[in-house]
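Working notes for the structure below.
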Amino acid sequence: MSAFSSTDAETGAIGPFHDALHARYVVELGHRLDSPTSYEGAVTEHLRMSGVYWSLGALSLLRDADEVDASMGLRGGVDGGGEENGGGGRRMRRAIVDWVFDCRDPRSGGFGGNCSGAAFGVGTPGTATTTPCPHHGHLLYTLSALQILAMANALDDERLDKDAVARFVSGLQNPDGSFCGDEWGEVDTRFTYCALSCLALLGRLPIPRNDGEEEDDAIVDVRGAARYVMSCRNFDGGFGCVPGAESHAGQVFCCIGALSIAHSLHLLNEGRDGCDADLLAWWLAERQCDSGGLNGRPEKQADVCYSWWILSALSIVGRVSWINTSRLGQFILNCQDDEDGGIADRPQDMPDVYHTFFGLCGLSLIGHLEKIGNREGRTYREVDPVFALPTDVVRRLGLRAQVISYSNGDVEDRLKMHSILDGTKASLK
Ligand code: GRG
């Protein structure tokens with residue numbers, strides 16, 4: 001493991017970054033998980049769609065789109081050869097885009113986390129021996145599927161029935177504005193974020209009109225969704241998964257991301273004195289631990305993934321500078337596996353692709369990836385804090401959201417595609 005002295009944090013020096021190891025870790029992960037003897041593959045089988053999104057997302061921050069396509073086999077098979085993938089045969093992996101469409105659940109119209117019968121890495125393209133049997137459609141995996149298609153530039157693929165997917169999403173909204181994750185009825189602000197992000201990616205999101213009038217034919221009630229999110233805000237400025245639930249940094253991202261996509265960040269100040277983005281940012285900044293890492297709620301351990309959940313929210317409300325970014329960058333780099341690549345939740349733990357993706361996102365949001373790139377002659381893509389996709393993908397798709405500027409109206413370049421609210425004024429309206 002890399003070791004950093006406190007001097008590094010004080011001077012802002014950036015320690016070793018294992019670019020090539022991380023890229024190899026991600027590219028080889030699919031083969032490892034597909035092995036019939038992989039324990040990790042078996043226990044994460046149900047959430048493979050999100051796993052593929054994290055993998056593609058991670059590699060997309062390290063490499064350009066063509067390289068990602070070539071090494072991951074987005075549209076065509078890549079060599080999966082090796083003992084672990086078919087007993088020494090040179091079998092081809094199925095294209096990721098084809099596999100995503102196999103995971104579409106025709107009963108609900110959404111996407112499932114995987115499909116049985118035609119497992120992701122097994123089989124030669126076009127010769128699946130069994131009919132794919134997708135898991136039940138769920139908002140979590142529907143968003144991951146659309147994010148994969150967005151990165152693969154395949155949202156206009158004729159197999160994507162955008163209206164049917166949009167109907168699946170809108171059918172999960174409840175009269176109080178909240179969303180269920182699937183037909184079984186669990187409600188959580190995670191699903192509000194997923195629903196609005198899905199509709200934005202599909203180009204089906206009705207943005208509330210400025211004149212306060214409701215859209216009669218809107219597919220979902222965006223104002224209702226934003227009001228529900230606000231009902232999940234707590235006295236400490238944070239947000240929980242349902243009204244009255246404890247503030248948690250993961251839910252804060254979902255709520256602030258949802259308000260941003262719904263162009264409703266002004267609600268943060270409604271009915272209160274002063275600027276409540278400040279109270280929220282204070283709670284988020286309090287999450288920084290002695291190690292430099294961030295935790296998800298008081299008295300819990302720091303974990304690399306909160307670098308994303310917290311920095312994305314702070315970016316949206318224009319207050320990343322409220323934490324010590326240099327110490328956080330050091331913490332994330334300390335969680336790298338310097339032998340096999342990948343990033344773990346905390347130093348000395350085993351890496352996984354979830355923490356690898358969100359660790360890289362964290363490094364991106366504090367500008368460390370850019371600094372490392374400058375030092376090593378590479379150009380890294382940046383992550384968008386609202387849509388959790390590379391900013392070039394968000395630009396290509398013309399996705400719009402809302403962010404708050406703080407102090408003298410400056411916003412980072414990556415956020416300039418979004419509508420900007422002036423957060424220095426007491427009222428954000
Ligand atoms: C596309 C980025 C993106 C998100 C989609 C799934 C989702 C929407 C958001 C998940 C937000 C969330 C709740 C993240 C937290 C995940 C996490 C590490 C939970 C662990 O909770 P505890 O209680 O851990 O086990 P702590 O850290 O509190 O001890």
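Does region 338-416 classify as rounded, prolate or oblate by the C-alpha gyration tensor (a ≥ b ≥ c root eigenvalues; a/c under 1.5 gives rounded; else a/b over b/c gives prolate, otherwise oblate)?
prolate
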The convex hull of the Cα atoms of region 315-371, divided by residue count, gives a volume in Å³ per residue of 84 Å³
Counting only protein heavy atoms with a 1.4 Å probe and every protein chain in place, the carbon and sulfur fraction of the accessible surface of region 139-240 in whole percent equals 44 percent
The set of residues whose placed amide H lies less than 5 Å from the amide H of GLU186, leaving out same-chain residues fewer than 5 positions away, is GLY181
Listed by chain and number, the residues whose amide H is under 5 Å from that of SER116, excluding neighbours fewer than 5 places away on the same chain and using placed H, are CYS133, HIS135
In whole Hz, the Karplus estimates of ³J(HN,Hα) for region 43-51 (6.51, -1.76, 1.60; θ = phi - 60°; x where Gly or Pro) are 7, 10, 4, 6, 10, 4, 4, 5, x
With every protein chain in place, the accessible area of MET230 for a 1.4 Å probe, in Å² rounded to the nearest 10, comes to 40 Å²
Residue separation between ARG24 and ASP66 times 0.36 nm, minus their alpha-carbon distance, gives in nm 13.5 nm
Probe 1.4 Å, heavy atoms of protein chains only: per residue, the accessible area of region 215-267 in Å² is 33 Å²
For HIS136 the rounded accessible area (nearest 10 Å², probe 1.4 Å, non-protein molecules ignored) is 90 Å²
Measure of exposure for THR131: accessible area at 1.4 Å probe, Å² rounded to 10, is 110 Å²
Here the gain from full extension of SER291 to SER231, 0.36 nm per residue of separation minus their alpha-carbon distance, amounts to 18.3 nm
Cross-link reach from LYS371 to aspartates and glutamates, straight Cα distance under 18 Å and at least 8 residues apart if same chain, gives ASP8, GLU10, ASP19, ASP64, GLU382, ASP384, GLU412, ASP413
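Just subtract the alpha-carbon distance of GLU299 and CYS133 from 0.36 nm times their residue separation and send over the number in nm, one decimal.
Here the segment from GLU299 to CYS133 would lengthen by 55.5 nm.
The values are calculated or read from the model by the stated rules, or taken from the named source; none is laboratory data. Because the structure is predicted, anything quoted here is derived from the model rather than measured. Calculation scope for accessible area: heavy atoms of the full protein, side chains included, ligands and nucleic acids excluded. Shrake-Rupley method; radii C 1.70, N 1.55, O 1.52, S 1.80 Å.
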